Each structure stands twice: as C-alpha cells, then as structure tokens.
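Read through the structure below, which is laid out as structure tokens, and then see the notes.
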Amino acid sequence: MVPFFLTFARVSCLLSFLPDRENTSTITTDSPVGATLSSSVVDAWTSLPAEVRAALVKMEMASSSSSSTTNSPSQRDCSYASLSSFASSSNNSTSSETDDSGSGGKDSTEEVTIVEEDKESGVKVVLKPLERAPENVFSFTKEQTKEITAVEKTPGTLVTTKTSILTCSKGWRNVFSLPIAYDVNLVPHGTILDPRNPQLLDSTGPSPEGYNRRFAVIDDAVDRLYGDKIRAYFQVNGIELTTCILTGGEADKRPAAVDKLLDSLCDYKLRRREPFLAIGGGVLLDIAGMGACLYRRGVPFVRVPTTLLAIVDASVGVKNGVDYCCGVTDETYKNRVGSFYAPSSCLLDASFIATQDARNICNGFGEIIKLALVRSVDLFELLETHGAALVKSRFSSSTPGVPEWVGSRIIDLSIQIMLEELGPNLWEKKLERCVDYGHTFSKLLEMVPGADVMHGEAVNIDGFFCCVFSYLRGYIPMETVQRVFACMKSVSLPTNSQDLTSKLAWQSCKDAVEHRHGEQRIPLITDIGESICVSDITQDELDRALELMKRFDH
Ligand SMILES: NC(=O)c1ccc[n+]([C@@H]2O[C@H](COP(=O)([O-])OP(=O)(O)OC[C@H]3O[C@@H](n4cnc5c(N)ncnc54)[C@H](O)[C@@H]3O)[C@@H](O)[C@H]2O)c1
Ligand SMILES: [Zn+2]
C-alpha cells in the first residue's frame with residue numbers, strides 16, 4: 001500500500017531532577033504522514049493559465065538541466081526550485097535555484113525539483129514533474145519530522161523525554177484546475193418561450209450529439225402554468241422533448257427528488273455531453289444541479305429560474321444540494337448534502353415572476369434586502385421607495401408610480417452583487433462571506449418541524465435579528481434599525497418568529513462554528529451597504545437582542 005517508508009527516531013532526554021540520566025529508544029511506525037502543499041502555494045500555481053504553467057515548467061527544466069544543481073530528493077541539502085518561485089515567475093521574477101552542494105559543474109541529466117516546506121507541521125515535500133505530464137503530475141517524496149514530548153513521573157523525579165520522529169514516504173501528486181465559465185444571460189422580457197427566440201434551444205446545443213431531442217426537469221407549478229408553451233416551443237422547432245416533473249417547495253427538497261431525476265435521466269439515456277434544462281424555482285434548481293453533478297459523474301445543465309428568489313440568487317452561483325434527514329439523529333439538516341457544480345449557462349426571464357403569488361415574490365425580496373444591507377445603499381433606496389409597488393404589480397415594468405427601469409435595475413444590481421461576491425470565492429475557501437448575512441439563524445428556523453416559513457422569509461428574520469445585534473454593539477444607530485424594519489415591512493416580510501428562541505439562536509451559533517470551520521464568522525452590518533464578520537457573539541448578547549426584538553411591532 002505504501003510505496004516505501006523509512007522511520008527513524010532520535011531521542012534526547014531532558015531531565016529535571018536527574019541531570020545525568022539518559023534514555024534512548026527507537027520508534028518505528030508504518031504509517032506515512034500525509035502532507036500537502038500549503039493552499040496558498042497551490043492556489044498561486046493552479047491560478048496560472050495552463051500554458052503559463054507549461055512554459056514555466058519547461059523553462060525550469062531547461063534551466064535545471066543547464067545548471068550545476070544537484071537536487072534529487074535524497075540529497076535534501078541541495079538546492080531546490082520552489083513552487084512559489086514558479087508562481088512568482090509569472091510576475092516577471094524568475095525562479096531561483098542555488099547550489100550549496102558544492103558540486104560545481106553542470107549535468108544535463110539533472111531534473112528539476114520543487115520543494116515545499118511547512119515549518120508548522122514539519123512536512124517537507126520534494127516534487128519532480130513527470131516528463132509526460134509536467135504541468136500536472138509530480139512524483140514526490142515526503143518527510144515529516146515530529147517532536148513528541150513524554151513526561152514520566154517517578155517518586156522524586158520528573159523525566160521529560162523529547163522524541164524526534166522522521167517519517168518518509170513517496171507517491172505522486174496530480175494538480176489540476178478546472179476552468180469554470182458560465183454565462184448568466186438576461187433574456188428579453190417575456191420571450192424565453194417564444195419559438196422565434198432560439199436561446200432556450202441554443203443553450204443546450206443545436207442538436208446535442210446529433211439528436212433532435214431535449215430533456216427538461218420542470219417544477220410542477222411551472223409545468224401547470226407554462227407546460228404547454230414549453231412543449232410547443234420545442235415542437236415548433238422540431239425537437240422531441242422529454243420531461244421529468246418535480247414538486248417545488250422546501251418539503252420536497254430531499255434525496256428522493258434527486259433519485260427521481262436520476263431515474264428519468266437513466267431512462268432517457270442522457271449522454272455525457274448532452275445538456276439538460278432545469279426550469280423552476282430555487283428548490284428545483286438545487287435538485288437539478290445535484291442530479292447533473294451525479295449523473296455519469298457530471299453532465300452539463302442549463303438553469304432557467306422561474307421565481308424572483310431563484311433569478312437573483314439560486315441560479316447565479318455554483319451550489320446545489322438537498323436537505324437531509326439523518327437516520328441516526330432523525331433531524332433534518334438544511335442543504336446538508338450537495339456540491340459545488342457550475343451550470344453550463346443560465347437564462348433569466350423575469351416575466352416568470354408575473355405568475356408568482358405575493359408571498360413568493362416577497363420571499364424573493366428577502367434575499368434582495370440582504371444583498372442591499374451588506375453591499376449597496378443604492379439598492380436599498382430602490383427597495384425602500386419602490387419595493388411595495390413592485391410586489392403589488394408582480395414586477396411589471398408598467399407599475400403605477402414606478403419608473404419603467406426600476407424593476408430590472410433591482411434585478412440587475414442584485415445579480416451583479418451576488419456574482420461579485422461569489423465570483424472570486426466560488427468554492428468558499430474564504431469563509432467570511434457577506435452574502436451569508438441572514439444565513440446563520442435562518443437555517444434552523446427553516447427546519448423547525450412544521451414551521452411555515454420560506455427561505456427568503458427566514459433569511460429576513462435572521463437579517464433583522466442581526467441588525468438589532470449591530471445596534472446593541474454600537475455599529476449602527478436606532479434610526480438605521482428602524483429604517484431597515486420599515487423597508488422589510490413595506491414588502492410584507494416577517495421580522496420575527498416565535499421559533500426564534502434563545503435555544504435556537506445559541507444552537508445556530510454553534511452550528512455556524514461547525515459549518516464555518518471553527519469560528520462563528522457571522523456577518524453584521526456597520527451601515528446600510530457595509531458589513532463585517534464577527535466571531536465573538538455570546539449567549540447573553542443573543543438574549544439581549546431577542547429581548548429588543550420584542551419591542552418592534554411585528
Ligand atoms: N443554490 C443556491 O445558491 C441557492 C441560493 C438561494 C436559495 N437557494 C434555495 O432556493 C430555495 C428557495 O427557492 P424558491 O423561493 O424559488 O422556492 P421554490 O423553488 O420552492 O418555489 C416556490 C414555489 O413557487 C412555485 N413556482 C415556481 N416558479 C413559479 C412561477 N413562475 N409561478 C408560480 N409558481 C411558481 C414552486 O412550485 C413552489 O411551490 C431554498 O431551498 C434555498 O435553499 C439556493
Ligand atoms: Zn439564501
């Protein structure tokens with residue numbers, strides 16, 4: 001299993017009471033110690049375009065073979081080209097190799113090596129690019145030196161033994177970066193199902209793999225409202241459409257829905273490069289993304305969001321997932337199972353909003369207010385001034401008293417802010433995310449058994465709770481809290497819930513620590529449009545905020 005290992009122990013003794021006592025032993029282990037390049041170095045390397053990496057490796061290999069360096073992994077004291085120096089070469093600084101081997105002279109058989117040392121973990125990795133895939137595949141040797149301190153107490157003496165263990169192993173590393181690019185297309189209002197508009201057809205390829213067929217997974221409400229139009233669209237274009245209908249709503253966002261989609265995809269025999277369409281709200285899109293990611297280990301899919309919330313939020317990122325009921329605890333966890341998997345494209349036609357009921361439109365405003373609070377006072381002002389009228393008119397461009405451009409400006413701004421925040425952090429390596437505003441306490445609120453709260457509503461309750469927090473901490477004045485409260489109320493969003501108890505709030509903080517890798521990292525606003533993340537919220541503070549929430553007229 002392990003290519004090779006070598007273990008060696010050096011033992012030295014520190015004696016507190018018996019200065020002349022010495023104790024030696026040899027420790028053997030057959031478990032090689034895992035090691036990785038520090039993520040910043042791998043990031044720097046993988047962020048370079050493939051051709052730049054190839055050129056750098058070639059350059060490095062050439063310079064290595066023409067230099068006097070002897071740098072095989074077994075000669076660890078010799079010189080090394082480091083991965084970080086490869087990366088920095090793209091910034092016009094050259095990778096450096098020094099020769100302290102004292103060997104002088106050049107040897108064309110010498111190979112380039114890359115060394116990564118992590119002082120904290122004591123891991124040193126020496127990588128050699130393989131000739132046939134030098135950009136991606138490296139053979140390596142890893143060494144880890146671990147210090148172990150043991151204290152032995154005998155009557156009258158305390159013996160401290162420090163053991164230094166060196167573990168070596170070898171293997172291969174594959175470094176690969178996936179190119180992620182997808183277009184979020186704004187489709188001219190109300191034209192997506194017009195057979196003369198080819199966008200829906202073209203997004204899935206002119207004739208995927210030579211077949212005049214398409215597969216679409218569709219939300220049941222959307223199918224009732226738009227099914228005939230969707231079928232007519234494909235029929236007019238000479239395409240045979242196969243559909244899988246799934247129910248919308250959080251209650252059915254479960255693995256069973258993904259199974260149903262996978263059954264349909266198997267039955268249809270969707271090919272590896274044949275994109276399918278996902279038409280529906282955030283729930284349908286999350287299920288479809290997960291199915292796309294799993295079927296044949298990943299097939300392309302196109303998102304067509306049909307709710308305000310999905311248009312401004314669920315359709316623009318790369319996340320998918322379902323709620324999961326754990327067989328052990330019998331508890332259901334929000335979005336616990338899923339993946340990061342990009343769509344091939346998104347087609348956004350805001351005319352779908354016209355058939356949503358008022359509560360669902362307000363639900364979408366929950367995510368939009370969140371974005372405004374953390375990033376944009378301009379967006380907040382638009383919501384403050386026109387939100388109520390737009391709910392009433394279902395985002396019609398001819399809303400009485402609202403300039404024609406306002407509805408689309410709100411949608412455009414929201415999508416742009418989302419993408420600006422998600423774009424550089426698609427895999428959420430950075431856990432301090434302002435778009436997580438309203439997503440700390442809402443997760444448990446949504447999962448309270450029998451709770452009648454939608455996602456955007458729960459996000460809004462959480463968002464207002466966090467505003468109250470900001471006030472208690474002195475980050476914002478009471479006038480700002482009142483202004484936020486008024487805006488939320490104007491679009492008929494709830495700002496409190498009887499389920500938001502001290503217990504739930506504190507459990508949410510603990511869950512946040514678990515989910516956000518050891519710290520709460522809860523976004524709070526410092527002004528409308530400005531935010532920070534905090535990790536020191538106490539239970540007492542939560543209780544004071546809950547108390548203050550009661551003062552508002554809910
Ligand atoms: N993946 C992400 O990045 C992301 C981001 C935000 C939210 N989400 C998820 O999105 C979900 C919420 O999405 P949602 O609010 O769209 O809920 P939803 O998908 O359940 O849709 C709400 C209801 O509207 C119906 N519906 C859909 N389109 C309609 C239309 N045009 N006209 C009339 N009815 C229509 C649906 O059948 C459903 O009953 C949550 O599960 C949330 O976790 C995901
Ligand atoms: Zn959300």
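The values are calculated or read from the model by the stated rules, or taken from the named source; none is laboratory data. Model, not experiment: these values are computed from the prediction. Ideal geometry is used to build each Cβ from the backbone, glycine not excepted, and the neighbour counts take in all protein chains shown.
Numbers below:
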| item | result |
| --- | --- |
| Verdict on Ser339 being in contact with an Asp or Glu (Cβ under 7 Å, 6 or more places away or on another chain), surrounded by fewer than 24 Cβ atoms within 10 Å (Cβ to Cβ) and not assigned by TED's automatic domain parsing to the domain that holds Glu404 | no |
| Hits in region 351-369 (condition: near ligand 1 (Cβ under 10 Å from one of its atoms) and either under 17 Å from Met447 (Cβ atoms) or not polar (S, T, N, Q) (or both)) | Phe352, Ile353, Ala354, Asp357, Arg359, Ile361, Asn363, Gly364, Gly366, Glu367 |
| Some residue of region 362-372 being of a type outside the set (Gly, Ala, Ser), out of contact with any Leu (no Cβ under 8 Å at 6 or more places or on another chain) and in contact (Cβ under 8 Å) with a residue 40 or more places away in the chain | yes |
| Filtered residues of region 248-287 (kept if in a loop (DSSP other than H, G, I, E, B) and without any contact (Cβ under 8 Å) to a residue 12 or more places away in the chain) | Lys269 |
| Of all residues in region 421-456 being among the β-branched types (Val, Ile, Thr) and more than 13 Å from ligand 1 (Cβ to nearest atom), the one that is nearest to Pro523 (Cα to Cα) | Thr440 |
| Residue match in region 300-314 (condition: touching a residue at least 40 places away in the same chain (Cβ under 8 Å), more than 13 Å from ligand 2 (Cβ to nearest atom), closer than 16 Å to Gly456 by Cβ and assigned to a loop (DSSP other than H, G, I, E, B)) | yes |
| Tally of residues being in contact with a Pro (Cβ under 9 Å, 6 or more places away or on another chain) and either within 13 Å of ligand 1 (Cβ to nearest atom) or at pLDDT below 95 (or both) across region 289-300 | 3 |
| Enumeration of residues in region 440-453 that are within 20 Å of Lys319 (Cβ to Cβ) and either more than 13 Å from ligand 2 (Cβ to nearest atom) or out of contact with any Gly (no Cβ under 9 Å at 6 or more places or on another chain) (or both) | Thr440, Phe441, Lys443, Leu444, Leu445, Glu446, Met447 |
| Residues being within 13 Å of ligand 1 (Cβ to nearest atom) and touching a Ser or Thr at 6+ places or on another chain (Cβ under 8 Å) - total across region 265-283 | 4 |
| Filter result for the condition that a residue is more than 16 Å from ligand 2 (Cβ to nearest atom), among the acidic types (Asp, Glu), surrounded by 13 or more Cβ atoms within 10 Å (Cβ to Cβ) and not assigned by TED's automatic domain parsing to the domain that holds Asn363, over Asp263, Asp228, Asp219, Asp267 | Asp219 |
| Wholly within region 318-415, strands (runs of 3 or more DSSP E) carrying at least 2 residues that are within 16 Å of ligand 2 (Cβ to nearest atom) and not hydrophobic (A, V, I, L, M, F, W, C) | 319-325, 332-340 |
| Number of the condition not met by Cys362 [criteria: (1) crowded, with 18+ Cβ neighbours inside 10 Å; (2) out of contact with any helix residue (DSSP H, G or I) (no Cβ under 9 Å at 6 or more places or on another chain)] | (2) |
| Evaluation of Phe464 against (1) within 16 Å of ligand 2 (Cβ to nearest atom); (2) touching a Gly at 6+ places or on another chain (Cβ under 7 Å) (one fails), failing number | (2) |
